[in-house]
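The values are calculated or read from the model by the stated rules, or taken from the named source; none is laboratory data. Keep in mind it's a predicted model, so treat the numbers as computed, not measured. Glycine also receives a Cβ, built like all others from the backbone with ideal geometry; neighbour counts cover every protein chain displayed. The accessibility values were calculated without ligands, DNA or RNA, using every heavy atom of the protein model including side chains. Shrake-Rupley method; radii C 1.70, N 1.55, O 1.52, S 1.80 Å.
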Amino acid sequence: MRSCLILLMAFVPIFTFAQDEFLYGTFPDGFMWGAATAAYQVEGGWDADGKGESIWDRMVHSDPGSILNQDTGDIAADSYHKYAEDVAALKETGVDFYRFSLSWSRLLPTGRVDVVNEAGVAFYNALIDALLANGVQPMVTLYHWDLPQPLEDQGGWLNETLIVPAFAEYAAFAFEAFGDRVKLWLTLNEPWVQAVMGYGNGGNAPRVVGSGITDYLSGLNQLKAHAEAWHVYNEQFRPTQAGQCAITLDVVWMEPKTQLALDIEAAERSLQFKLGWFAHPIFSLEGDYPASMKEAVARHSAEEGYPESRLPEMGEEWRLRILGTSDFFGLNHYTTSLVEHSVWPGTGTSFDRDQDTTQSADPAWPESSLGWLKVVPWGFRKALNWIKSEYGDVPVWITENGYADLGELQDLDRISFYRAYIDEVLKAVVLDGCNVVGYTAWSILDNFEWTQGYSQKFGLYQVDFNDPSRPRTRKESAIAYAQIISDNGFPQP
Ligand code: GBH
């Protein structure tokens, strides 16, 4: 009886622990704790000291109505001038590392390496040196959605012959300038969002609309650019710098709405369209897009009268060139959706129609201040298990996870969110054997939440955006997160 139970636990670990039961325990020694930001969301100094214009600068200035309250990132949290206070907050929280991104146009105003803005180089040198002096390791994202506008003027992520070499050169420039001290590199943040919102539905900069066509094209160019940057690191910098280079992908856990086979299949297909689109080419054994995604887009394309699939073929050379180009799996995770099979009515080409699914939320799930961000901690554990079953034991760094509210200092809901979500990571590690090696809170401080402007707050530290000096104030959640870090989890009380 007893050995049967143990056997059962080995095979179906996910069921051995009640879904909402709290697991006490600590993470393995050496587990890495961090907090994150992105350049456009915190830096400000949008045209300071020779910085060039990015696609977000262009969008907020040319179409102010596209951002809630006509907010802009012109000043943001003013981290360009106040980075030392950010470092102090990180140190106070006790993080092992800080994930931030480089503003490509602050370093290279035209996007190309022939014009270097030395003030930009000096800024990141100062930030990196301050972090290291305070015992915080830098984890640097090369690209968090802020393309230099001059590159967009030439087609941006839709222009393969421009963007692939331009990104690889920029990556080489950054590795050369900072790689003596930066050992953790991320190429792209969430290529799915950039593809679907930047070059598909027009929600984000550069607001290209072409759902079902340009999203897929920009996606392939992002995969190629990422792969080239990784090869540059692998061949030219790894031998002397000995760091790691990876990509960061976002996953919404897709839970079947019913146990009908069609809905289970639909949820699986949604995961492939969400995560597999970018993960399968890099992390699977054979590479290329997921089979179910290729099949679905090809079928819809044919039905719509296209001569070939709108999902551009990778080709044999690129399949091999992209395969295996990530030293770890960077994962951003916030929420879960319920998925059911559904054939969309009407006609027309779109990324959503290609999937034959409808997504919804369980009304019982607690909400945040952002409509899309429902609090569903158990989805995190399922997502980590899915990654393990799809891609094996690649080390996973959670590079973002966090909760939105309206900014109060007594942010008890944020504390509950972090405890519950981090506990699901603990279950994935301790009970399921998932190879998660690090966790990153989004965000160390309140910042510019893209088209939601400053209305939505994700910070562990509050920033007063009405005060020109942008003072930072520690929230309750920062104290709670510091405790989790110093305990390395949740030891038995
Ligand atoms: C992350 O994306 C980003 O990397 C980070 O910069 C951002 O601040 C953080 O999330 C919090 O939002 O408005 O209904 O169309 C997370 C993935 C993709 C989630 C876009 C929200 C928009 C939903 N995000 N999605 S909607």
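Search the range 470-486 for residues being touching a residue at least 40 places away in the same chain (Cβ under 8 Å) and open to solvent by 50 Å² or more (accessible area, probe 1.4 Å), and hand back the single one that is farthest from the ligand (Cβ to nearest atom). Among those residues, the one meeting the criterion is S486.
Of all residues in the range 410-425, those satisfying the criterion of being open to solvent by less than 20 Å² (accessible area, probe 1.4 Å), touching a strand residue (DSSP E or B) at 6+ places or on another chain (Cβ under 8 Å) and over 16 Å from I387 (Cβ atoms) are D411, R414, Y418, I422, D423. Just one of the listed residues (E367, E390) is surrounded by fewer than 23 Cβ atoms within 10 Å (Cβ to Cβ) and touching a residue at least 12 places away in the same chain (Cβ under 8 Å), namely E390. Checked against the criterion of being more than 26 Å from I398 (Cα to Cα) and in contact (Cβ under 8 Å) with a residue 12 or more places away in the chain, the candidates A302, A267, A298 yield just one match: A298.
So in the range 206-219, with the set limited to residues that are in contact with an Asp or Glu (Cβ under 8 Å, 6 or more places away or on another chain) and on the phi < 0 side of the Ramachandran plot, which one is farthest from the ligand (Cβ to nearest atom)? Within the range 206-219, the match that is farthest from the ligand (Cβ to nearest atom) is P206. Look at the range 433-452: where a residue is in contact (Cβ under 8 Å) with a residue 12 or more places away in the chain and a partner is polar (S, T, N, Q) and away from the ligand (no atom under 11 Å from the Cβ), sitting 6+ places away or on another chain with Cβ atoms under 6 Å, you get D446/Q462.
I'd like the full set of residues that are in a loop (DSSP other than H, G, I, E, B), open to solvent by 30 Å² or more (accessible area, probe 1.4 Å) and over 23 Å from T37 (Cα atoms), limited to the range 118-160. If the condition is that a residue be in a loop (DSSP other than H, G, I, E, B), open to solvent by 30 Å² or more (accessible area, probe 1.4 Å) and over 23 Å from T37 (Cα atoms), then D153, Q154, N159 are the ones that fit. Against the list (1) more than 12 Å from the ligand (Cβ to nearest atom); (2) under 30 Å from H280 (Cα atoms); (3) surrounded by 21 or more Cβ atoms within 10 Å (Cβ to Cβ), the condition L460 fails is (2). Within the range 315-341, the set of residues being within 15 Å of the ligand (Cβ to nearest atom) and of a type in the set (A, V, I, L, M, F, W, C) comprises just one member, L331.
Residue-wise test of (1) at pLDDT 95 or above; (2) surrounded by 16 or more Cβ atoms within 10 Å (Cβ to Cβ); (3) within 16 Å of the ligand (Cβ to nearest atom); (4) among the hydrophobic types (A, V, I, L, M, F, W, C).
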| position | (1), (2), (3), (4) |
| --- | --- |
| A279 | yes, yes, yes, yes |
| I282 | yes, yes, no, yes |
| M293 | yes, yes, no, yes |
| A298 | yes, yes, no, yes |
| P307 | yes, no, no, no |
| V343 | yes, no, no, yes |
| R353 | yes, yes, no, no |
| W372 | yes, no, yes, yes |
| K382 | yes, yes, no, no |
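The helices (runs of 4 or more DSSP H) falling completely within the range 1-117 that include 3 or more residues that are within 24 Å of the chain's Cα centre (by Cα), at pLDDT 95 or above and of a type outside the set (A, V, I, L, M) map to 55-62, 79-93, 104-107. For the range 34-50, the condition of being among the polar types (S, T, N, Q), at negative phi and touching an Asp or Glu at 6+ places or on another chain (Cβ under 7 Å) holds for none of the residues. Quick check on F465: is it within 16 Å of the ligand (Cβ to nearest atom), open to solvent by less than 20 Å² (accessible area, probe 1.4 Å) and of a type in the set (F, W, Y)? No.
Taking the condition of being open to solvent by 20 Å² or more (accessible area, probe 1.4 Å), of a type in the set (S, T, N, Q) and either more than 15 Å from L323 (Cα to Cα) or within 16 Å of the ligand (Cβ to nearest atom) (or both), how many residues in the range 230-248 meet it? Of the residues in the range 230-248, 4 are open to solvent by 20 Å² or more (accessible area, probe 1.4 Å), of a type in the set (S, T, N, Q) and either more than 15 Å from L323 (Cα to Cα) or within 16 Å of the ligand (Cβ to nearest atom) (or both).
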